[in-house]
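The values are calculated or read from the model by the stated rules, or taken from the named source; none is laboratory data. The model shown is predicted, which means the values in this text are computed figures rather than measured ones. As a convention, Cβ positions derive from the backbone with ideal geometry for all residues, glycine included, and neighbour counts pool all protein chains shown.
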Amino acid sequence: MKRTIKRFPNITILLVSILCAIIAHSVVLYRMFDRGTLFTGKGDGIAQMIPFQMYLYNKFSHFHFFYDMDFGIGGDFFKSLSYYYATSPITYMNFIFVYIGDLFLPYDVTDPVFWVKNQIFISIIKLTLIFFVTYKFLRYMKLNRFASFTGSFMYGWSTSYYFFTFTWSFFSDVMLWLPMTIFGLERLFKERKPLLFIISIALTLHANFYFSYYEFIFVSVYFIYRTLFQKESDILNRKQKLLTGSISGLLALMISSVGFFTGTTSYLMNDRTLPPIKLNPIIDMVGFYNLFYDGYYVVISAVAVIALATFALYKHYDYRLYAILSLIFMIGSLSPYFDSFFNGFSIDQRRWIYLLVFTTSVLSAIYLNKLSELSIKSFFISLIPAALIYPISIVGHEKFLIWLIFIPIFCLFIGYYIYNEHRLSYILTHVTIFIMTNFFVYGYMTEQIDTLHPEKERNIDYITSKEYNSPIQKRIINEIKEHQKPGERIDWQTSITHNTPMLQQFNGVKLYSSIFNKDIYQFYDKDLNITMDTDSNSIYYRLGERANLNSLFNVNQIVRVNESITIPYGYERGNLYAENDLSKKYYVYNNTHPLPFVRVTDKVFDAKDLKQPIDREHAMLDGVVLNDAKAANSKVKPTANLKDNVKESLRGASLNGEKLVVTTENGGITYKLNKDKIKDTKDLYVTMAIESKTATDYHYVWINEIYQSRKPLNDDYRRFNPVITLKVKASDIVELKLKPGTYQYKLLGIYGEDYEHLKSASKNQNTHLFKKNKDKMEITLAKHKAGYVVIPVPYLEGMKAKVDGKDAPIMEGNYLMTAVKVDKDAKHITIKYTPPYFHIMQLISILGMILTFFYVRRFKLKKIKA
């Protein structure tokens, strides 16, 4: 056995790492097999992470990489999901093995159950790699095997790893890239070997732009410290460190250019308009933010607390370095401004915490390696902070966590080892810390995660239920799809996720994601003023129940649970379905005024001439709206504003100028309209500017049957858009109902819609054919006039059109859609999308790999000659 270990040390370490990763996941595995509990949360995990993985695998496994109209209402899913999984090397490896397994094994990759189980398997593999790399790094720092193993375990199986993997599984990828990068940097300084550093930086930059920012800050500080303060083992001087470090970083950037450029441009194309951010200068130490005891974001080990107070070891270079870094992070964690800094001076998100876990784990490993240098006196002095912190935390949190019992045990073993350097006591110290770390994470799991994410809301039964993805729901969608024409959409979602279209694989009108094309929010907020059911910054869904927009985007089926009073005009009820237990009934509504997916028009409207959302809808129905005054040849008659003929009366409210004070629940304003003015009207478009000035909780804007939920004013994800347009059924009585509070308010207009434009447009059917083939869309035109071909898919820079084999002008039409100019003889149109500069980035990446080969070879040749 000893000979085998010496002969194959890396294989031995890898096997031990696998075993430890399985032990670390033992409770997760037991819960999965015993009661189907998932290693993911109800919110972002089930609602976002699982649908994204399923969606991307479906695309990538069919060699479809960039654009599709089923990504929300359409877009570049590769770029938009680069924040999540689209550029992740670990995801690529996972998909490759899933693809190979799918060829030979009987699992269903379209079933979310497979992906939640796969997430546990990937977590075990990822944690194995984290253990292995961190162990190798610590051994490179001349630490003994026990200290290296314990330090790697404390870092890998930490509360931050559990929190990251549970909440957003891709987040914990960065916990692998970090030790690889620092390991590579140390090899560069000590041996003039740049390859590992280049690979690590390249993987980090390619994997995730967001975490590249975190890594850049940390690695820059580490690099500066290591350059300013020379270490005896360094063979590079300061000038050489700067030169080789800069060249290595540049080569890594070149290699990662595809992923890094994609992630950067996705961030730049996004719109995260936020309300003013008000931060308290100091955090609340008791609660989510306690670093030492029962914190939600991170809890650092008691070993690190003792190590930080062991000043006798600060004389060692590495110990001092990691202690300083740990103290900087700990002091910074006292203020939300530190969180905001790491989040690009935006919302104060505490996602940098893995950096603190890394520095404290390395510090703990060095501490355990140098116990023999300590005296009993210095050891007892180092226990003082822990003796104060934990009793205070017990009282403050009003709970005793089981892992506390291990602190006096390993302290006794450490003290005994310092006293007589007994090897058994040293081994037992590490064994105790290993066991404590498992209980440590188990306590976090039960006290924090299970409290916020009850197991009954994140198990296999739950995700196969009517709340998420039941058999009857899949049957409804499949039956609708059987009769759909290309491009038609379904308005449907379960109660859990707006990403239901990804789960059940249909064209929808919803997306829940942190990043997507800002033109979509421009379309929703400014151009068409579409009011969603909630004012969230990470979601868009539905089209304000407006029949014109539904027809323009080919939303020809709507599925609702129970009968709905908010169904848009022109939809008639079709089939009725029910769950087996009859607890839910599903109604399918069909559009009686559908429009062709491909329309050719010679009527052009200038966007600058159209002032109101309703007039913009009419222009889109009659022709195409362009940002081109020279091309315009038509006008839309403005819809009459009925506001001036409205009589207002207050209910449980007072109005002083634009200040509306509501004193009773559902108080507000009643508008009385002239019946003669709306006798032919089917719906009313009510436009107003309204914004709460006092809401500390969820509130609402409620007009007749249409209800919008609004987030508290201090919510990080509240989307600030005070001007709204709500479509309600025509009535001479319109009631604005609000929650008690003070509002900034102004009625801007009330417009009547008789749908004559929609009825006229729906009569103009045609036989143009549309076909989608991965990133390419093909249109075969029947007889038509010269003008513009318009299709309801979002236009993106990077789209190119060919008409009958020749390049043709392609542009944005109807504020968001894609328009191609054609003459009357055009027969065939091909629209293809490739992200801008994508091929250039590929060339830069290849060039970076070639240069890296020669750069590394140059160092090797120098070493051989020496």
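Just a few scattered comments:
- Only one of S465, S495 that is in a loop (DSSP other than H, G, I, E, B), more than 30 Å from N814 (Cα to Cα) and without any contact (Cβ under 8 Å) to a residue 12 or more places away in the chain: S465
- When residues of segment 707-738 are limited to those that are of a type in the set (A, V, I, L, M) and part of a loop (DSSP other than H, G, I, E, B), the one farthest from the chain's Cα centre (by Cα): A730
- Among the residues examined, Y541 qualifies as under 27 Å from E812 (Cβ atoms), in contact with a His (Cβ under 7 Å, 6 or more places away or on another chain), buried (at least 19 other Cβ atoms within 10 Å of the Cβ) and not β-branched (V, I, T).
- Scanning segment 219-241 for residues that are surrounded by 14 or more Cβ atoms within 10 Å (Cβ to Cβ) and either under 18 Å from G263 (Cβ atoms) or aliphatic (A, V, I, L, M) (or both) returns V219, V221, L236.
- If the condition is being part of a strand (DSSP E or B) and farther than 30 Å from Y57 by Cβ, then segment 776-800 contributes T780, G787, Y788, V789, V790.
- Taking segment 784-802 as the range and being within 23 Å of F605 (Cα to Cα) and over 33 Å from the mean Cα position of the chain (by Cα) as the test, the residues that pass are H784, K785, A786, G787, Y788, V789.
- Selection of segment 555-587 for residues being surrounded by 14 or more Cβ atoms within 10 Å (Cβ to Cβ), out of contact with any helix residue (DSSP H, G or I) (no Cβ under 7 Å at 6 or more places or on another chain) and among the β-branched types (V, I, T) yields V555, I558, V561, T566, I567.
- Residues that are assigned to a loop (DSSP other than H, G, I, E, B) and at pLDDT 95 or above, drawn from segment 477-491: E488
- For segment 678-690, the candidate set comprises residues that are of a type in the set (D, E, K, R) and modelled with pLDDT of 95 or more; within that set, the residue that is surrounded by the fewest Cβ atoms within 10 Å (Cβ to Cβ) is K682.
- Of the listed requirements (1) more than 17 Å from F859 (Cβ to Cβ); (2) modelled with pLDDT under 95, T227 misses just one: (2).
- Considering residues of segment 17-61 that are buried (at least 18 other Cβ atoms within 10 Å of the Cβ) and of a type in the set (F, W, Y) only, the residue nearest to the chain's Cα centre (by Cα): F52
- Qualifying residue in segment 454-465 (condition: under 24 Å from V305 (Cβ atoms), among the charged types (D, E, K, R) and within 33 Å of the chain's Cα centre (by Cα)): no
- Among the residues of segment 747-775, the one identified as of a type in the set (K, R), surrounded by 14 or more Cβ atoms within 10 Å (Cβ to Cβ) and either touching a Pro at 6+ places or on another chain (Cβ under 9 Å) or part of a strand (DSSP E or B) (or both) is K772.
- In segment 632-644, the residues that are farther than 30 Å from Y788 by Cα and surrounded by fewer than 14 Cβ atoms within 10 Å (Cβ to Cβ): D644
- Residue match in segment 66-78 (condition: assigned to a helix (DSSP H, G or I), at negative phi and either without any contact (Cβ under 8 Å) to a residue 12 or more places away in the chain or outside the structural domain of D111 (by TED's automatic domain parsing) (or both)): no
- Number of positions in segment 599-613 that are outside any strand (DSSP E or B) and of a type outside the set (S, T, N, Q): 8
- Segment 191-218 residues that are basic (K, R), paired with ones that are surrounded by fewer than 23 Cβ atoms within 10 Å (Cβ to Cβ) and part of a helix (DSSP H, G or I) (beta carbon under 6 Å, 6 or more apart): R192/F859; K193/R187
- Y685 under 22 Å from I706 (Cα atoms) and touching a helix residue (DSSP H, G or I) at 6+ places or on another chain (Cβ under 6 Å): yes
- Close pairs from segment 664-691: first without any contact (Cβ under 8 Å) to a residue 24 or more places away in the chain, partner surrounded by fewer than 18 Cβ atoms within 10 Å (Cβ to Cβ) and of a type in the set (V, I, T), Cβ under 7 Å, at least 6 apart: none
- Residue count for segment 122-147 satisfying the condition of being more than 21 Å from F39 (Cβ to Cβ), surrounded by fewer than 24 Cβ atoms within 10 Å (Cβ to Cβ) and not hydrophobic (A, V, I, L, M, F, W, C): 6.
- Taking segment 776-796 as the range and being surrounded by fewer than 17 Cβ atoms within 10 Å (Cβ to Cβ) and either β-branched (V, I, T) or within 18 Å of R489 (Cα to Cα) (or both) as the test, only T780 passes.
- Restricting segment 562-598 to residues that are outside any loop (DSSP other than H, G, I, E, B) and touching a residue at least 40 places away in the same chain (Cβ under 8 Å) leaves a set whose member that is farthest from the chain's Cα centre (by Cα) is N575.
- Scanning segment 614-623 for any residue that is in a loop (DSSP other than H, G, I, E, B) and either more than 23 Å from K675 (Cβ to Cβ) or in contact (Cβ under 8 Å) with a residue 12 or more places away in the chain (or both) turns up at least one such residue.
- Check on T742, β-branched (V, I, T), touching a Gly at 6+ places or on another chain (Cβ under 8 Å) and not in a loop (DSSP other than H, G, I, E, B): no
- Any hit, segment 654-669, residues being surrounded by 15 or more Cβ atoms within 10 Å (Cβ to Cβ) and within 25 Å of V555 (Cβ to Cβ): no
- Qualifying residue in segment 610-626 (condition: hydrophobic (A, V, I, L, M, F, W, C) and more than 30 Å from N554 (Cβ to Cβ)): no
- Filter pass, T91 being outside any helix (DSSP H, G or I) and at pLDDT 95 or above: no
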